[in-house]
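Before any comments, here is the structure.
Since every read-out is calculated from the coordinates, none of them should be taken as a lab result. Computed from a prediction, not measured in an experiment: that's the story for all the values here. Every residue, glycine as well, gets a Cβ built from its backbone with ideal geometry; the counts of neighbours run over all protein chains shown.
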Amino acid sequence: MAGIDLIHLRKTYLMGTKRVTVLDGLDLSIPENAITVVLGKSGCGKTTLLRLIAGLESPDSGEICLPGNRKTAFVFQEPRLLPWLNVRDNVQFPLNRSSIRPEETRNMLETVGLSGTERALPHQLSGGMQQRVALARALLYHPTLILMDEPFAALDHFTRVDMQHALLDIRRKTQASILFVTHSIDEALTLGDTLVILSGGLIRARFDLSAPHPRDLLSDDLIVLRRRIVAGLEETIPYALSED
């Protein structure tokens, strides 16, 4: 699958009598077969960017160049499981279940560390396990592009670290392109092959990380990079407001 190019994307929303500019001519190239992390403060437009790429919303102007053979899956902040369906049926729900082999679902649950949970209901699972079900549901679609909207933000530290490691393992096995948004610098440094900072509706910085996984966040190189990222995030540029 070829990469993705976002060209001069602009997106505004009407809030009362004010028009808020969320993306203001954003340009970004997203490489294939890599994890690209979009880092920014809450409310900076990260989710809007994902929704535009997924086709859930349309930009006011600009161009989204996507490969024609793409298959896109979206993993949201919440697992969004149907409470009356068990794990197996939740994983298979968006697909034509008659075309899915039982062993394929079992293998996918094993991939995300949920072997033996096929008959469990969502309320019987921990938050981390529920998010693993959501990830298995996305992977069973065999996507070439996975959009992830802060999927681990609500998890405790230890579960979050486990999920990050699981995602890196899945990335190695599937070779899918992943666009992951977060406001956590440590998460960005842990996961990203490419890291971009979004602020004021534009990409303010881009970093290509060559350090292999798993990464030591206390290494000298990553400590220096972390300081550069913090400095970049502190240069906050507010949304542009205008009368409608």
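Computed over region 113-244, the P(r) curve from all C-alpha pair distances, binned at 5 Å from the origin, holds 2, 8, 17, 19, 18, 14, 10, 6, 4, 1, 0, 0 percent per bin. In degrees, nearest 10, range 0 to 90: what is the angle between the Cα axis of helix 220-234 and the longest Cα principal axis of the chain? Taking Cα atoms only, the helix is inclined about 60 degrees. Exposed loop sites, defined as GluC sites (Glu not before Pro) outside DSSP H, G, I, E and B with at most 16 other Cβ atoms within 10 Å, are absent from the longest region of the chain, namely 119-234. Along its principal axes, region 1-116 has C-alpha extents of 50, 36, 26 angstrom, given from the largest down.
Shown here is the pair-distance distribution of region 166-217: with all Cα-Cα distances grouped in 5 Å bins from zero up to the longest one, the shares run 4, 16, 28, 28, 14, 7, 2, 0 percent. Please report how far the C-alpha centroid of region 115-143 lies from that of region 46-105, rounded to the nearest whole angstrom. Using only Cα atoms, the two centres lie 14 Å from each other.
Rounded to two decimals, the Cα radius of gyration of region 109-189 over 2.2 N^0.38 Å is 1.07. Computed over the chain, the Cα gyration tensor eigenvalues convert (square root of 5λ each) into semi-axes of 31, 22, 17 Å, ordered from largest to smallest.
For K11, the lysines whose Cα falls under 21 Å of its own Cα, not counting residues fewer than eight places away in the same chain, are K41, K46.
In the frame of its principal axes, region 1-54 has Cα extents of 42, 21, 16 Å, reported largest first. The DSSP beta bridges internal to the chain are antiparallel in roughly 55% of cases.
Summarising the label geometry, the points placed 7 Å from Cα in the beta-carbon direction at S219 and F158 lie 2.7 nm from one another.
The calculated pair-distance distribution of region 79-141 uses every alpha carbon pair, bins of 5 angstrom beginning at 0, and gives 4, 21, 38, 25, 10, 1 percent.
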